[in-house]
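Since the structure comes first, as structure tokens, the remarks are kept for the end.
Where a number appears in this text, it was derived from the coordinates with a stated rule and is not lab data. Note that this is a predicted model, so its numbers are computed, not measured. Positions of Cβ are generated from backbone atoms using ideal geometry, with glycine treated the same way; all protein chains shown enter the neighbour counts.
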Amino acid sequence: MEMIVKTVFELQKMLDEAKINSKSIGFVPTMGALHAGHLQLIQRASEENDIVVVSIFVNPTQFNNKEDLIHYPRTIEQDLALLNENCSNYLVFNPEVDEIYPPNDQFKPIDLGHLDNVLEGKFRPGHFQGVVHVVHNLFQLVKPEKAYFGQKDFQQLAIIRHMAKAYGFPIEIVACDTLREPSGLAMSSRNMRLSEEQKVEALIIWKTLNFVKANKLTLSPSELKNRAVDFFEKGTLKLEYLEIVNSENLLEADDWKKPTVCCIAAFCGQVRLIDNLLL
Ligand code: PAF
């Protein structure tokens, strides 16, 4: 079943049929502008499930910056061609906004606690509540057994795990490794907006993450953070944050006793890039 549906009605019809035939459903939510990183999630999902629902929906509620929403790449024809060439057994759900947010929307927000106040949360107020809202509504529509998310959005993954538990969704959240260009640049839909020169400049993120990993234990997390932040003085990217945090609760790491992750957000021209590395 390689096909595209645009309404909840059509989606339910397809999923009801699949469920009558005892097919397992995997789910890969996306905002389109698909790249090899998405294909990796979809291919893994199709190895582990009978049918993969791929949603392509640029979710307005998670953009705290209007310009970012306007400029977010929308490449549906290219996305469908890419899926057609590389994936099988998928169903694309490409709804309009009012299909996802109907007037009788039953969504009730939950408290995300400190998960919403650290890292991205500090700079993108309301972003994660928007992500939780759309993923909640999509989970309710698709009702998959498993849902697949990339580790590149490390904080998003932690929040999705938290919300799946809080709302009691019986869905396994599967984390997939970040796919990188041979240069080390993390694959992202936003890379489409970078020039070739900017793609080279953006490598400072990957180099800094590797520097932090290589120097773990030689300095305290806060000393190492200061050294790493200095890297950005030399380059052209504008650093928004660089944090070394506990990889489970995302709180600032004081020492190296617990697993840690280094997370970076920086602007390359107008394009905001994020990346992270488990240390
Ligand atoms: O990671 C993304 O692309 C989005 O945040 C998601 C999970 C599809 C929700 O809109």
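First select every other residue whose beta carbon is under 14 angstrom from the beta carbon of ASN210; then total the charges, Lys and Arg +1, Asp and Glu -1.
+4
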Calculated diffusion of region 7-135, Stokes-Einstein form, Kirkwood radius summed over Cα pairs, 37 °C and 0.692 mPa s, µm²/s: 202
Computed P(r) (all Cα pairs; the chain; 10 Å bins; percent): 6, 28, 35, 22, 8, 1
Value of [θ]222 nm, deg cm²/dmol, for the chain, DSSP H segments ≥ 4, -39500 (n - 2.57) each, nearest 500: -12000 deg cm²/dmol
Order of HIS136, HIS114 under a 10 Å beta carbon neighbour criterion, fewest first: HIS114, HIS136
Ranked by how many other beta carbons lie within 10 Å on average, peptides 160-168, 250-258, 55-63 from highest: 55-63, 160-168, 250-258
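Classify region 1-52: rounded, prolate or oblate, from the alpha-carbon gyration tensor (a ≥ b ≥ c, eigenvalue square roots; a/c under 1.5 rounded; otherwise prolate if a/b is larger than b/c)?
Since a/c reaches 1.5 but b/c is at least a/b, the shape of region 1-52 is classed as oblate.
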Global geometry of region 169-279, whether rounded, prolate or oblate, following the gyration tensor of its Cα atoms and the 1.5 cut on a/c: oblate
Of LYS122/LYS238; LYS146/LYS258; LYS199/LYS234, those spanning more than 19 Å from alpha-carbon to alpha-carbon: LYS146/LYS258
Gap separating the Cα centres of region 232-249 and region 75-95, nearest whole Å: 34
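Please state the relative contact order of the chain as a whole percent: Cα pairs under 8 Å, 6+ residues apart?
Worked out over the chain, it gives 18 percent.
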Value of Rg/Rh across region 128-225 [Cα atoms, Kirkwood radius]: 1.07
